[in-house]
Each structure stands twice: as structure tokens, then as C-alpha cells.
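Chemist: Before anything else, here's the structure in question.
Any read-out appearing in this document is the output of simple, stated calculations on the displayed coordinates, not a laboratory observation. Treat the numbers as computed from the prediction; the structure is a model and nothing was measured. Quick reminder, even Gly has a Cβ in these numbers, built from the backbone with ideal geometry, and neighbours come from all protein chains shown.
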Amino acid sequence: SVYSGPVTATVDTAPWVTISATVSGSDVLLSADGWDPDGITRIGFYYDDGTFIKNDATVPYEHTVVGLAPGPYSFKARLIDGNLDNSLYSSPVVVNVGGSPGSVTLSSSVSGSDVTLTASASDPDGVASVNF
């Protein structure tokens, strides 16, 4: 009979990185998350064309890009692993900054002691709700 000693196998789960973006006026908050079996040294933020924006080495991985002109923008995140020997990019996230502002028209009618308020709202990005 043949016997082999213990065998050690290392399973290396694939690293990953994601990015999300929140637009507020002419500013965009970029948020990234990721994982690597060797740990994360930093996550860098980039325009999708490869132009570097900023590195962040602490959780939460975030950066706000301020004062952007109206228009579409595409961003991606780059994870650098704990050994500094591996990196990967996220899929891009696309946002639209600025554009036409929305509008609200408010009207009222009175009937005895009752007042009825009516609002009409429009926005190029859609209207989720109108609050009184």
C-alpha cells in the first residue's frame, strides 16, 4: 500500500471591486468596496478614460469630485492588493451631472373653510414625489 503525507491546498478566492456614485448638484460622491485575500492597500478612483483622481487607503473608500460641468461622466475604481503585486478595475459607473432643473407649479382653491392645494411637477430625470 502507498501512503502520502498531508497535502496542503490554498484556495484563493478571486478579488473583486465595485463602485457607486451619487450626484448632488455639480458634485459626485464616489464610493467603492472590494475584497482581496491579501487585503487591500488602497482603492484608487479614476475617470473611465484612465485619468487618476485620488487614492483612498481607509474604509469607507470614498471621494467627492466637486464642481463638475453638466454632462455625462464615467468613473471606475482600482483595487491594489495587500502585497502590492496585484490590482484590478471595477466596471464603470456612469452618471449625468447637471442638466435642466425641474419645476413645480402650486395652485390652491378655497371652498368655505377648506383649502385644496394642487401641485404639478416636472423634471428631466422624472419626479418621484411631491410633498406639501
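Chemist: How much net charge surrounds Asn55 when only the other residues with a Cβ under 10 Å from the Cβ of Asn55 are counted, with Lys and Arg +1 and Asp and Glu -1?
Modeler: Working: positive: Arg42, Lys54, Arg78; negative: Asp56.
Once positives and negatives cancel, what remains is +2.
Chemist: Counting only other residues whose beta carbon sits under 15 Å from that of Ile80, what net charge do I get with K and R as +1, D and E as -1?
Modeler: Net local charge, Ile80 excluded: -2.
Chemist: So, one more: Could you order the peptides 36-48, 58-70 from most to least packed, using the average number of other C-beta atoms within 10 Å per residue? Kindly include the intermediate steps, with their values, before the conclusion.
Modeler: Numbers: 36-48: 17.8, 58-70: 13.0.
Going by the mean number of other Cβ atoms within 10 Å, highest first, we get 36-48, 58-70.
Chemist: Quote the FRET efficiency, to the nearest 0.05, computed for Asn83 versus Ser122 with a Förster distance R0 of 41 Å and r equal to the Cβ-Cβ distance. Don't jump to the answer; show the numbers that get you there.
Modeler: Details: r = 53 Å, r/R0 = 1.30.
E between Asn83 and Ser122, to the nearest 0.05, is 0.15.
Chemist: Per residue of region 67-77, in order, report the coupling 6.51 cos²θ - 1.76 cosθ + 1.60 (Karplus, θ = phi - 60°) as ³J(HN,Hα) in whole Hz, putting x for Gly and Pro.
Modeler: x, 6, 6, x, x, x, 9, 10, 10, 9, 10
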